[in-house]
Amino acid sequence: MCAEAPAIAEHLLALYESLALDDLASQCLEDRPCLSVKKWVLRRSHLAVEEAGWHQDGAFMGAGIQSINLWLPLTDCGADTGAPGLDIVPARIDGLLRDGEGTFDWSVSPAFVKRELPPWQSPRFAAGDALFFDHFFLHRTQYRAHFSRPRYAVETWFFAESRAPANQVPLSWR
Ligand SMILES: O=C(O)CCC(=O)C(=O)O
C-alpha cells in the first residue's frame with residue numbers, strides 16, 4: 001500500500017498535484033476527492049499469471065459510492081507485449097453484474113462476459129499511460145497462457161468525500 005511507503009506516497013502526491021488530478025477528480029466526482037488507503041497500491045504481476053476473475057470493484061466497495069480510479073502502468077504491457085495489461089469491456093455499465101458462476105462472489109464468469117456484453121479488448125499500454133475508470137467498469141488482469149515479462153503499475157482510487165466506502169479507508173490528503 002502506498003500509505004505504507006511514505007517516500008513513494010509523497011512522490012505520487014506531488015505528481016498528482018502537478019497534473020491537477022485533484023481538480024479533475026473533483027469535477028468527475030462533483031465533490032471533494034479523497035484517496036483510499038487500501039486501494040492506493042503498487043502492483044507487480046507475478047509470472048506465471050493466474051487466470052483472474054472479471055470484476056467490478058464496486059462488488060466489494062459497494063454500489064452506492066462515487067469513484068474514479070487511475071490505473072497507471074509503469075511497464076509497457078497489454079496486447080502482445082509479453083507483460084500482462086488489462087482485459088476490459090469497453091461499455092458503460094451502470095450497476096453491478098451478477099451471474100452466480102464467477103470464481104469469486106465478486107466476479108463474473110467469462111461465459112457471461114462473452115454472452116451478455118460487447119467484445120472485450122486487451123489494449124496495448126505504454127509505461128506512463130493513464131486509464132481512468134469507475135467502480136462499475138468490468139475488467140480483469142490480462143490473461144494469456146504465457147507471459148514473459150512482469151508488469152508494474154500504480155492503482156489510485158479517488159472517492160467523493162460524501163460517498164466514500166468506509167471499508168476502503170478513505171483518506172483526505174489536502
Ligand atoms: O493491475 C491489475 O492487473 C488489476 C487492476 C484492477 O483490477 C483494478 O485496478 O481494479
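Read the figures in this text as sums done on the coordinates, not as results from a lab. Because the structure is a prediction, the values reported are computed rather than measured. Cβ placement follows ideal geometry from the backbone for every residue including glycine, while neighbour counts extend to all protein chains displayed.
Indicate the gyration tensor shape class of region 11-103 (rounded, prolate or oblate), computed on the Cα atoms with a ≥ b ≥ c the square roots of the eigenvalues: a/c under 1.5 is rounded; otherwise a/b larger than b/c is prolate and the rest oblate. Numbers along the way, then the final one.
Values: a/c = 2.03, a/b = 1.17, b/c = 1.73.
Oblate.
Quick one: if you stick a label point 7 Å off each Cα along the C-beta vector at Leu171 and Ala111, how many nm between them?
4.2 nm
Using a basic spin-label model with each label point 7 Å from the Cα along Cα→Cβ, how many nm lie between Ser162 and Arg43?
Output for this residue pair reads 3.0 nm.
Ranked highest first by average number of other Cβ atoms within 10 Å, how do 137-144, 107-114 line up?
Numbers: 137-144: 19.5, 107-114: 17.4.
With the highest mean Cβ count within 10 Å placed first, the list reads 137-144, 107-114.
Only Cα pairs under 8 Å and at least 6 apart count here; give the relative contact order of the chain as a rounded whole percent.
Numbers: 370 pairs, mean separation 69.1, N = 174.
Dividing the mean separation by the residue count of the chain yields 40 percent.
List the GluC sites (Glu not before Pro) in region 1-81 that DSSP assigns to loop (not H, G, I, E or B) and whose Cβ has at most 14 other Cβ atoms within 10 Å. Which are they? Intermediate values should be presented prior to the final figure.
On the way: sites: Glu4, Glu10, Glu17, Glu30, Glu50, Glu51; in loops: Glu30, Glu50, Glu51.
Listed in order of number, the matching sites are Glu30, Glu50, Glu51.
Against the empirical 2.2 N^0.38 Å scaling, what ratio does the C-alpha Rg of the chain come to?
Details: Rg = 16.0 Å, N = 174, 2.2 N^0.38 = 15.6 Å.
Cα Rg divided by the expected 2.2 N^0.38 Å: 1.02.
Using Cα centres only, tell me the gap between region 11-28 and region 38-104 in whole Å.
Between the Cα centre of region 11-28 and that of region 38-104, the gap is 22 Å.
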